[in-house]
Amino acid sequence: MNRLAPDIVTLRVAHCRAEHAANGEQYHLAVMHYRTCLEAAERREDCQAVRFFALRLADCYDSMGLTHKAREFRSLGDCDGDGEGGESGHSLLS
């Protein structure tokens, strides 16, 4: 259980940084921090968190005009059916 606590703290800090950057329209920084969050969520096999962070990444990429990347992360955010994230069950971060 001790191993999960630092992960949660790291996840929360990265999430706060990502939100702050996104609110300031610093999308390149927001993407970096949201990707850290997404990686942590995938390690924890937390489908709800994977979906949340994938959709935040999609929003950032949309704001940056990178619709193809936004579409990929929206797909990853659709993890209701397979419990693994994404239509193929594979991470976009690998």
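The values are calculated or read from the model by the stated rules, or taken from the named source; none is laboratory data. Since this is a predicted model, take the numbers as computed values, not measurements. Note that we place each Cβ from the backbone using ideal geometry, even for glycine, and neighbour counts take in every protein chain shown.
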* Would you check which residues across the stretch 28-43 are over 14 Å from residue 12 (Cα atoms) and charged (D, E, K, R) and list them? => 42, 43
* Within the stretch 60-84, can you find the residues that are modelled with pLDDT under 55 and either closer than 25 Å to residue 20 by Cβ or out of contact with any Cys (no Cβ under 7 Å at 6 or more places or on another chain) (or both)? -> 81, 82, 84
* Which one is nearest to the chain's Cα centre (by Cα), of the residues in the stretch 5-61 that are of a type in the set (Gly, Ala, Ser) and closer than 19 Å to residue 71 by Cβ? -> 54
* Please go through the stretch 57-77 and pick out each residue that is assigned to a loop (DSSP other than H, G, I, E, B) and aliphatic (A, V, I, L, M). => 64, 66
* **Near pairs, Cβ below 6 angstrom, 6+ apart or cross-chain, from the stretch 15-26 (more than 15 Å from residue 55 (Cα to Cα)) to any residue that is in a helix (DSSP H, G or I)** => 17/33; 21/29; 21/30
* To do: Can you work out which of the residues in the stretch 5-33 that are at pLDDT below 95 and exposed (fewer than 11 other Cβ atoms within 10 Å of the Cβ) is nearest to residue 60 (Cα to Cα)?
  => 9
